[in-house]
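The values are calculated or read from the model by the stated rules, or taken from the named source; none is laboratory data. These numbers come from a predicted model, not from an experiment. Cβ sites come from the backbone with ideal geometry, for glycine too, and all protein chains shown count toward neighbours.
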Amino acid sequence: MYSTEHGQRFDNDAPVAPEQLSLLSEILNRETFGILGEQVRVGHGWRCWEVGAGDGSVARWLAARVGTSGHVVASDLKPQHVPVHPRIEPIAHDLTADPWPQPEFDLIHARLVLMHVAGKEQVAAKLAAHLRPGGALVLTDWSCGWCADGKMIKSAADDYTVRIFQEFHDAVHKLAGQTGMDFDWALRTPQVFADAGFADITVRDYQAPGEGGSPTSRLARLHSTMMEPFLLSQAGLTVDDLAVIREKLLDPDFEMVTNHAYTTIVRMPK
């Protein structure tokens with residue numbers, strides 16, 4: 001969704017976008033589908049808005065749940081990966097610049113979206129206002145304060161491996177900060193809604209597995225390639241360091257600590 005001064009492009013036009021979006025779906029879809037199916041209980045005839053549709057996998061799942069009388073709006077800045085489906089309406093949409101789809105929705109779901117958005121508190125409140133009475137807003141974002149103590153490797157590792165992985169992590173978060181990502185937002189989200197007067201708020205915390213070869217590790221490995229110019233020029237890592245990192249991320253005996261995915265579920269009063 002953005003470019004950096006070092007030449008990395010993290011948007012749906014990038015050559016690696018399909019792989020990145022697919023890995024994110026592998027990491028998060030099971031948790032997302034559990035929330036939407038078991039807690040929110042998306043059902044027949046619902047009108048849903050999937051914000052930041054990515055590869056369209058959540059939109060496809062929603063389309064199956066809402067049945068022939070339901071409808072799914074799937075928005076993204078660049079929605080070319082959303083599949084053609086009779087109940088999915090893909091739209092190119094910028095939350096902060098474009099007119100919004102007409103309310104009222106039974107469900108609005110945004111995964112790894114608001115942490116990138118300026119004025120996210122106001123956007124979150126506006127999303128809630130787009131729901132019908134009894135509707136549900138489901139917001140999921142990464143929280144990444146877990147390795148402030150430098151312990152981002154769970155398996156046994158030598159000092160060199162610990163150092164280069166910490167440098168890799170710190171560089172990823174430095175670049176993320178430069179591009180406006182807010183890793184504190186996920187933890188603030190429930191209080192934002194509580195302060196706004198909402199009472200029916202549920203929070204879920206999910207951590208995906210981090211063993212070598214897992215989707216999370218393969219995503220980190222992909223990021224090491226996408227960010228290589230930045231990692232070599234700004235993080236003090238070498239080509240040999242990156243080779244070791246990539247090898248470890250495929251080693252089943254290696255395990256890293258993974259991000260928390262915090263989900264806030266807000267139910268509108270009936």
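When PRO99 is tested against (1) in contact (Cβ under 8 Å) with a residue 12 or more places away in the chain; (2) closer than 28 Å to ASP182 by Cβ; (3) part of a loop (DSSP other than H, G, I, E, B), exactly one condition is not met: (1).
Pairing residues of the stretch 205-225 that are more than 21 Å from ARG111 (Cα to Cα) with residues that are hydroxyl-bearing (Ser, Thr, Tyr), at Cβ distances under 7 Å and at least 6 apart in sequence or on separate chains, gives GLU211/SER217. The residue pairs whose first member lies in the stretch 181-199 and is among the charged types (D, E, K, R), whose second member is in a helix (DSSP H, G or I), and whose beta carbons are closer than 8 Å, counting only pairs six or more residues apart or on different chains, are ASP182/MET115; ASP182/HIS116; ASP182/LYS120.
May I ask you to say which residue of GLY37, GLY67, GLY45, GLY56 is at pLDDT 95 or above and under 17 Å from the mean Cα position of the chain (by Cα)? Lay out the reasoning, then the answer.
On the way: GLY37 fails: under 17 Å from the mean Cα position of the chain (by Cα); GLY67 fails: under 17 Å from the mean Cα position of the chain (by Cα); GLY45 fails: under 17 Å from the mean Cα position of the chain (by Cα).
Unique residue meeting the criteria: GLY56.
Taking the listed residues GLY54, GLY43, the one that is closer than 20 Å to MET268 by Cβ and touching a Lys or Arg at 6+ places or on another chain (Cβ under 9 Å) is GLY43, with no other qualifying.
Of the residues making up the stretch 9-27, those that are out of contact with any Phe, Trp or Tyr (no Cβ under 8 Å at 6 or more places or on another chain) and hydrophobic (A, V, I, L, M, F, W, C) are ALA14, VAL16, ALA17, LEU21, LEU23, LEU24, ILE27. Filtering the stretch 37-76 to residues that are surrounded by fewer than 18 Cβ atoms within 10 Å (Cβ to Cβ) and part of a loop (DSSP other than H, G, I, E, B) leaves ARG41, GLY43, HIS44, GLY45, GLY67, THR68, SER69.
SER143 fulfils the conditions (1) surrounded by 18 or more Cβ atoms within 10 Å (Cβ to Cβ); (2) at pLDDT below 95; (3) over 17 Å from the mean Cα position of the chain (by Cα) except for a single criterion, (3).
ARG221: of a type in the set (Lys, Arg), within 22 Å of SER143 (Cα to Cα) and in contact with a helix residue (DSSP H, G or I) (Cβ under 6 Å, 6 or more places away or on another chain), yes or no?
Details: of a type in the set (Lys, Arg): yes; within 22 Å of SER143 (Cα to Cα): yes; in contact with a helix residue (DSSP H, G or I) (Cβ under 6 Å, 6 or more places away or on another chain): yes.
So ARG221 fits the description; yes.
Scanning the stretch 164-178 for residues that are surrounded by 14 or more Cβ atoms within 10 Å (Cβ to Cβ) and farther than 19 Å from PRO252 by Cα gives GLN166, GLU167, PHE168, HIS169, ASP170, ALA171, VAL172, HIS173, LEU175, ALA176, GLN178.
Only helices (runs of 4 or more DSSP H) whose full extent lies in the stretch 155-270 are considered here, and none of them has at least 1 residues that are aliphatic (A, V, I, L, M), in contact with a Cys (Cβ under 8 Å, 6 or more places away or on another chain) and farther than 19 Å from LEU24 by Cβ. Only residues that are under 16 Å from ALA124 (Cβ atoms), surrounded by 17 or more Cβ atoms within 10 Å (Cβ to Cβ), within 15 Å of the chain's Cα centre (by Cα) and aliphatic (A, V, I, L, M) were counted in the stretch 182-219, giving 1. Determine whether the stretch 118-137 contains at least one residue that is surrounded by fewer than 22 Cβ atoms within 10 Å (Cβ to Cβ), farther than 28 Å from HIS44 by Cβ and among the acidic types (Asp, Glu). So far as the stretch 118-137 goes, yes, one or more of its residues are surrounded by fewer than 22 Cβ atoms within 10 Å (Cβ to Cβ), farther than 28 Å from HIS44 by Cβ and among the acidic types (Asp, Glu). Checking each residue in the stretch 117-133 for being over 20 Å from ARG204 (Cα atoms) and either in contact (Cβ under 8 Å) with a residue 12 or more places away in the chain or under 12 Å from the mean Cα position of the chain (by Cα) (or both) picks out VAL117, ALA118, GLY119, VAL123, LYS126, ALA129, HIS130, LEU131, ARG132, PRO133. For the stretch 90-103, state whether one or more residues are at pLDDT 95 or above, β-branched (Val, Ile, Thr) and out of contact with any Lys or Arg (no Cβ under 9 Å at 6 or more places or on another chain). Yes, the stretch 90-103 contains at least one residue that is at pLDDT 95 or above, β-branched (Val, Ile, Thr) and out of contact with any Lys or Arg (no Cβ under 9 Å at 6 or more places or on another chain).
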